[in-house]
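What follows is a single structure, written as structure tokens, with notes after it.
The values are calculated or read from the model by the stated rules, or taken from the named source; none is laboratory data. None of these values were measured; they are calculated from a predicted model. Methodologically, a virtual Cβ is constructed for each residue, glycine included, from the backbone with ideal geometry; neighbour enumeration extends over all protein chains shown. Quick note on the areas: whole protein, heavy atoms, side chains included, nothing else; ligands and nucleic acids left out. Shrake-Rupley method; radii C 1.70, N 1.55, O 1.52, S 1.80 Å.
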Amino acid sequence: MSKILLVDDDSVYRALVTEALMTEGHELLQAEDGLQALERLAYFSPDILLLAPMMPDLHDLALMLSLKTQIPVIIMSASDNQALRIRCHEMGADDFLTKPIHIETLSIRIGAILRRVALSRAWAGRKHERREGTEAPHRQAEKQATEGVTEWVSFDESRYCVHLGQRCLTLTQTEFRLFRYLFERRGQVVTKQELQLGVLHKEHGRFDRNLDMHISNTRRKLAQTQLPRSLIATVRGRGYCFAPV
């Protein structure tokens with residue numbers, strides 16, 4: 001099974017989660033604060049990080065460290081505060097759960113994220129094979145079927161569905177328009193101001209988080225469909241872009 005680093009300052013909760021997940025066959029290592037988390041990461045390479053975000057010395061530091069080392073992150077929060085949820089997703093968290101968390105639910109989310117990571121890495125490996133000219137013979141049929149991303153993605157405007165290969169992503173009308181707007185400009189960075197005007201039809205205010213919410217919800221639905229959140233990439237300080245893997 002997977003190797004997990006659990007970082008939470010609640011010792012009782014850590015013990016309960018650790019026992020439950022170890023019973024399911026996972027290997028767990030605990031940390032009670034940011035310093036311990038960094039020490040553990042020096043010699044332990046987890047497949048996924050379970051992180052309680054309200055710890056004062058950990059919130060930004062450990063999350064950014066996990067992203068730097070490409071470790072998927074599940075936030076386990078005692079609060080369902082919407083601003084915190086958005087902040088965590090903006091920083092790259094893969095999932096956000098509110099305590100108390102049913103162990104079965106947590107285990108399902110862990111499995112879904114790890115499958116998505118494996119799929120993303122497999123696609124990245126195929127890209128590398130094509131770029132290096134070392135594509136294996138058994139990839140030839142796949143390559144012909146998925147040569148262009150325009151063949152890989154199709155849009156059903158009547159149902160606000162996006163078909164990505166074998167998967168169907170069901171969105172709201174606004175999410176659908178945002179996804180298609182970015183897809184049609186793939187390879188380009190689209191500013192928040194442009195998206196506000198082109199899709200939401202209003203000026204982008206300094207404290208307006210409406211666009212961020214739609215992007216966050218779309219990424220969450222991508223994850224639920226076992227597709228990479230990175231299809232909609234954040235370009236820090238500039239905007240968003242469609243980034244097919």
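Data for the structure
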read-out	value
Options Leu178, Leu211, Leu169: the member that is at pLDDT 85 or above, closer than 26 Å to Pro72 by Cα and part of a strand (DSSP E or B)	Leu169
When residues of the stretch 8-17 are limited to those that are touching a strand residue (DSSP E or B) at 6+ places or on another chain (Cβ under 8 Å) and at pLDDT 90 or above, the one most open to solvent (accessible area, probe 1.4 Å)	Arg14
Some residue of the stretch 190-197 being surrounded by fewer than 16 Cβ atoms within 10 Å (Cβ to Cβ), modelled with pLDDT of 80 or more, among the aliphatic types (A, V, I, L, M) and in a helix (DSSP H, G or I)	yes
Cβ-Cβ under 8 Å pairs, at least 6 apart or on other chains, the stretch 162-191 side closer than 18 Å to Ser216 by Cα and polar (S, T, N, Q), far side assigned to a loop (DSSP other than H, G, I, E, B) and modelled with pLDDT of 85 or more	Thr170/Arg159; Thr170/Tyr160; Thr172/Tyr160; Gln173/Tyr160
Odd one out for Leu171, checked against (1) in contact with a Lys or Arg (Cβ under 7 Å, 6 or more places away or on another chain); (2) open to solvent by 60 Å² or more (accessible area, probe 1.4 Å)	(2)
